[in-house]
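Notes for the one structure printed next.
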Amino acid sequence: MAKGSFRLRRIWLPSFFGRLTILLFSLSLLTLYFYLVGNSQGFTDVTLLFLIAVESWTLALCALSGVFAAIIYAATIPFRNRLQLDRIIFSGAASIFSILLYLGVALLQAFMESYG
């Protein structure tokens, strides 16, 4: 079947996951900033634990969203005029960085738990 015989609509799924990845990555960095500032200002332990819980969920969702965005961008390459290699690289880098931050937050949670 020729490419010109049917009309291809705009593919919205890759841009949705790409923007979701950017949003979640920004939110995770903002939450990490609030945790660091709160730790230096002497926030209560409940507030810091809440920020760590929000950070871990945000990082996990960002990693999943980044992987989905990279896969969907790569899968829709034949249907696009541009290669969009920069978006694939950013999605993959955001996923890797989110996973590394998640491991750091999990290590921080392990040290924050009581020993008894």
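Enter the accessible area per residue of the chain (Å², integer; probe 1.4 Å; all protein chains in place).
Solvent-accessible surface per residue comes out at 71 Å².
What does the charge add up to near I88, with Lys and Arg as +1, Asp and Glu as -1, over the other residues with Cβ less than 12 Å from its Cβ? Write out the running numbers ahead of the final one.
Numbers: positive: R80, R82, R87; negative: D86.
Residues close to I88 contribute a combined charge of +2.
For a quick check of your reading of the filter: which chymotrypsin sites (Phe, Trp or Tyr not before Pro) in the range 67-116 sit in a DSSP loop and have no more than 14 other Cβ atoms within 10 Å?
The qualifying sites are Y115.
Taking the alpha-carbon set of the chain, what are its Rg and Dmax in Å?
For the chain, the Cα-based Rg and Dmax read 18.9, 70 Å.
Ignoring any ligand, DNA or RNA, what whole percent of the accessible area of the chain comes from carbon and sulfur when the probe is 1.4 angstrom? Intermediate results must be reported in sequence, preceding the final value.
Details: 5850 of 8190 Å².
The C+S portion of the solvent-accessible surface of the chain is 71 percent.
Of the chain, which part is the longest with no trypsin sites (Lys or Arg not before Pro) in a loop (DSSP not H, G, I, E, B) and with at most 10 other C-beta atoms within 10 angstrom?
11-81
With each label point set 7 Å from Cα along the Cα-Cβ vector, what nm distance links S40 and N81?
4.8
Based on DSSP H runs of at least 4 residues, each adding -39500 (n - 2.57), what is the mean residue ellipticity at 222 nm of the chain after dividing by all its residues, to the nearest 500 deg cm²/dmol?
Theoretical 222 nm ellipticity from helices: -27500 deg cm²/dmol.
What is the Cα coordinate range of the range 50-116 on the first, second and third principal axes, sorted by size from largest, in whole angstrom?
59, 15, 14
If the only charges are +1 at each Lys and Arg Cβ and -1 at each Asp and Glu Cβ, what is the size of the charge dipole of the chain around the Cα centre, to the nearest 20 debye?
1100
With Cβ to Cβ distances under 13 Å as the rule, what net charge do the other residues near Q109 carry (K, R +1; D, E -1)?
Around Q109, the charge tally is -3.
The values are calculated or read from the model by the stated rules, or taken from the named source; none is laboratory data. All figures in this text were calculated on a predicted structure; none of them were measured in a lab. FYI the Cβ positions are ideal-geometry reconstructions off the backbone, even for glycines, and counts take in every protein chain you see. These accessible areas exclude ligands, DNA and RNA; they are computed on the full protein's heavy atoms, side chains included. Shrake-Rupley method; radii C 1.70, N 1.55, O 1.52, S 1.80 Å.
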